[in-house]
1. Could you pull out every residue, at least 5 positions away or on a different chain, whose amide H is within less than 5 Å of the one on A:LEU384? Hs are placed 1.01 Å off N in the peptide plane, and Pro or chain starts have none.
2. Put a dot 7 Å past each Cα toward the Cβ at B:LYS286 and A:ASP109; how far apart are the dots in nm?
3. Could you give log10 I(q)/I(0) at q = 0.32, 0.33 Å⁻¹ for the stretch B:220-264, computed by the Debye formula over C-alpha point scatterers of equal weight, without solvent?
4. Read phi for every residue in the stretch A:354-362 and hand back ³J(HN,Hα) as whole Hz from Karplus 6.51 cos²θ - 1.76 cosθ + 1.60, θ = phi - 60°, with x for Gly and Pro.
5. May I have the pair-distance distribution P(r) for the stretch A:80-184, computed from all Cα-Cα distances with 5 Å bins from 0 and rounded to whole percent?
6. List the relative contact order of the stretch A:1-138 as a percent without decimals, with contacts defined as Cα pairs under 8 Å and 6+ residues apart.
7. For A:ASN431 and B:ALA226, what is the calculated FRET efficiency with R₀ set at 51 Å and r taken between the beta-carbons, to the nearest 0.05?
8. Once the label point is set 7 Å along the Cα-to-beta-carbon vector, what list of distances in nm do you get between A:LEU178 and its counterparts in the other copies?
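Nothing in this text is a laboratory measurement; each read-out follows from the coordinates by a stated rule. Given the structure is predicted, the values throughout are model-derived calculations rather than measurements. Glycine also receives a Cβ, built like all others from the backbone with ideal geometry; neighbour counts cover every protein chain displayed.
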There are 2 protein chains.
Amino acid sequence: MPNGADLLCDTLLLNDVDVCFANPGTSEMHFVAALDRKLDMRCVLGLFEGVVTGAADGYARMTGKPAATLLHTGPGLANALANMHNARRANTPMVNVVGDHASYHLPFDAPLTSDIEGLARPMSRFVRRIAGADDVATATAEAIAEAQRPPGGVTTLILPADAAWTDPTVYRPVKADLRAPAAPDASRVAAAAAALRAEGSATVLLLSGDALQPGALDHAFAIAAATGAEVLGQQANARLERGTGRHPLERVPYVVDIAVKRFAKVRQVILVGAAAPVAFFAYPGKPSSILPPDCAVTTLAAPEDDTRAALAQLADTLGVAPAPASAPEPMADLPTGAITPLSLAIAVGRALPDNAILCDESVTSGRDLFAHTHGAAPHTHLQLTGGAIGEGLPLAVGAAVACPDRKVFALQADGSAMYTNQALWTMARENLDVVVILLSNRRYAILQGELAAVGAGTPGRNAQRMLDLDQPAIDWVSLARGMGVDGARVETTEALADKLAYATAQKGPFLIEVMI
Amino acid sequence: MPNGADLLCDTLLLNDVDVCFANPGTSEMHFVAALDRKLDMRCVLGLFEGVVTGAADGYARMTGKPAATLLHTGPGLANALANMHNARRANTPMVNVVGDHASYHLPFDAPLTSDIEGLARPMSRFVRRIAGADDVATATAEAIAEAQRPPGGVTTLILPADAAWTDPTVYRPVKADLRAPAAPDASRVAAAAAALRAEGSATVLLLSGDALQPGALDHAFAIAAATGAEVLGQQANARLERGTGRHPLERVPYVVDIAVKRFAKVRQVILVGAAAPVAFFAYPGKPSSILPPDCAVTTLAAPEDDTRAALAQLADTLGVAPAPASAPEPMADLPTGAITPLSLAIAVGRALPDNAILCDESVTSGRDLFAHTHGAAPHTHLQLTGGAIGEGLPLAVGAAVACPDRKVFALQADGSAMYTNQALWTMARENLDVVVILLSNRRYAILQGELAAVGAGTPGRNAQRMLDLDQPAIDWVSLARGMGVDGARVETTEALADKLAYATAQKGPFLIEVMI
């Protein structure tokens, strides 16, 4: 007789959740046994939980639907939280299933007992402990619905072992009650149109979420061209379509001073699925808001609204037809010699195959990438959204599982890569088509810049030993081979281009350690 | 002028907290700059936060005093939680310092903002957000006192960036108000003595914490010999002294059925710093409590009491003199051929140098270790206490930092090692004297056993792919070399013994991949 764990699996499958990124433990064995009986469920093992949730994030960004994850009690959830944080900031749909002790066992406070709800809540929009086998189908359907409630979010289901191993009274998977995004608000559309028509109003249309999809950008750029406004993307976004044939979107700069300067003359900002720009960190004497004090902020559409329809209605109200992207500047010629942020950007932009996915956790070394790759082949750009480093490689895992026919480039800083280096093993295990471009500057370069910014002077021994990653230098080719991923080290832009061509031509994971 | 971050450092140093395991980020740059000005503070970098807190746990278990940790906002804390969980279960004193945004920046909900208190509470006995630069010294002293309040515990201080960068009105580090453990309760001593004198009472003295220290065991074993009681250690303990000259302590078995059988005839249990034994996990039809229903449980001393004094008073009441350990059975001769759990235990026991520290996260492969190493050289045994795998290598880092003159053996299962493999880099960075004995069985063996136990039959594709770690096999020698640690693979017990001798004779980290 199928049990609660079977019912959980079948409810996931009924709702088209058919990939489970997993790192199971003892308390989840009935769930594992149930997964083993479901041939339609693809189970992908991660050797650390941050890989699991980061992959679920990448998968959902590419498919638009949630993956499930399988995590082992409070500590397993804890290890998964940092990338749940990033997913939360990306509005990614995700259904985490956390196994717990049998409910009657909890009062005994066995060693692995912890407050799972307490751990889950800060990174989840929905947390639900399954009350028993008869609650499995309802609870799971609720989690799936909440995960997909616009604009999407992270949900956590707690599955007590006895709810998994008990047979439900009635075995009936439940269909999730999915909601569409809210239709555009006519008064907001009218207000935005009026704002855009106002004389002398230096206006920015600030976009994120679905408002960044190509069709929506056709409207946004047409509106901007007709009214003199500018289009900007939020600093961090879950997904962008870039390259030839797409609008050359600029984003809000990361560095506070540059961002403040960028908005200095802006008088009104119209938000379309975006938040008003704020400083990533606070600094003494610098503002928290990026906007000038007298800048007006209005919302055309919130993230949970139908941002694409709102842009279409706004264009219609203004009598503006959608504008396709103009031809971008072609990619620059490949530089030679030592690898710099600029030569890296050009080499990567030139190497990107058509319809690739670029997972970008390049931190400091990749800051030139965006501006210099508008002329690359059309590709999808996935970015770190929550600032919790260690998501780049897991994102690439998830994107490659989601899109087996597309090449994935993972542009990855070394310090960040170490947090979830176990993702390399999953790439090898699943033979995922990922080129890891590992940027080996052997330091937390962003922190060295920040330390200088706080006026600390020349770093002494303690600071150096917290910000340098040499002594020993990490040998990424050896580390990757240890996990079954072949690789090579490059020291010149030409060698980088050669290895990118080699890795692109073959199928499966390959790591290029880029000395930068 | 020194700021709040300086005052935090100086308050730590005034209270003899002079090691900081760190993984800093931007919001902690003023704290990093302050640490850089404190030459008495040793800063040890971990490339992942689980390394940081696991090392702080190992350090405190060996020194009896807390280390500080430095963590970056909510996601950095999240990555640290699993080993905070283990430390919590070990009653380890620890002072975590979590940097957060400047207080005025929090309402702007910048990308890295999260509910840090909510994340910290499940794994901390004390959580305190520093209210400003003038609150730094008091808050830090409180955290240090709470960390050391018997029997010790995990504390978390949240340091807003503006509290760090602002100058306090008065610069005065505060001394922590430390408390001694509670003196023995005379009525409990009398009750325990009466229980032990009762006729026909099959009694177990169940010990943990300081009651396991050699002097306390001299009392406990003498009491047992005089009254016919048995001495047992809790299943998991923070620290044990073992080998020649120490009492051959047996622990409560991990496997439920074996543990239940072990206690089947026991009629009373006297707890000395221990908890009544419970099943690590619940299983259908098996009990949560290990004890027979009619078994009486009395407490001689709780973990927060002076358990050593309580045992001494109990011995005194019973008129029993402390008994030194009798000579153990000598170590068995080294077997030859393929490496088995038994041959592993003998090889490791024979190789342990005098006064070594053995960090044991061997999971299934190490289950024979305990029974077969009573005759090893005297050594300290550190164990996983909370069931959150991925602590063995970090524990070894912390133990080696605490005791630079003692050799550390890290007996480490492969699946568990992957969670915090970054600890290898810190071993290389600090040239820590650690021999990593990496048990490469290429599977989650414990889970394969558990899956069979739930009656799932032969694992199919989904189960196999969640429980096997082959495809690809991890090459631990390559992985370790990637992080600067030299190593070798062994396939026979003789080769293992050779490499153990080689690694023991040299100084610095070395990894032996043991094919088992």
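1. A:ASP360
2. Taking the two extended label points, one gets 2.3 nm.
3. -1.12, -1.13
4. So the J values, rounded to whole Hz, are 4, 6, 6, 10, 10, 8, 10, 10, 7.
5. Binned Cα distances yield the sequence 2, 13, 20, 21, 18, 14, 8, 3, 1, 0, 0.
6. Numbers: 208 pairs, mean separation 35.5, N = 138.
Over the stretch A:1-138, the number comes to 26 percent.
7. On the way: r = 66 Å, r/R0 = 1.29.
Efficiency for this residue pair is about 0.20.
8. Inter-copy label distances (nm, one decimal, shortest first): 6.1.
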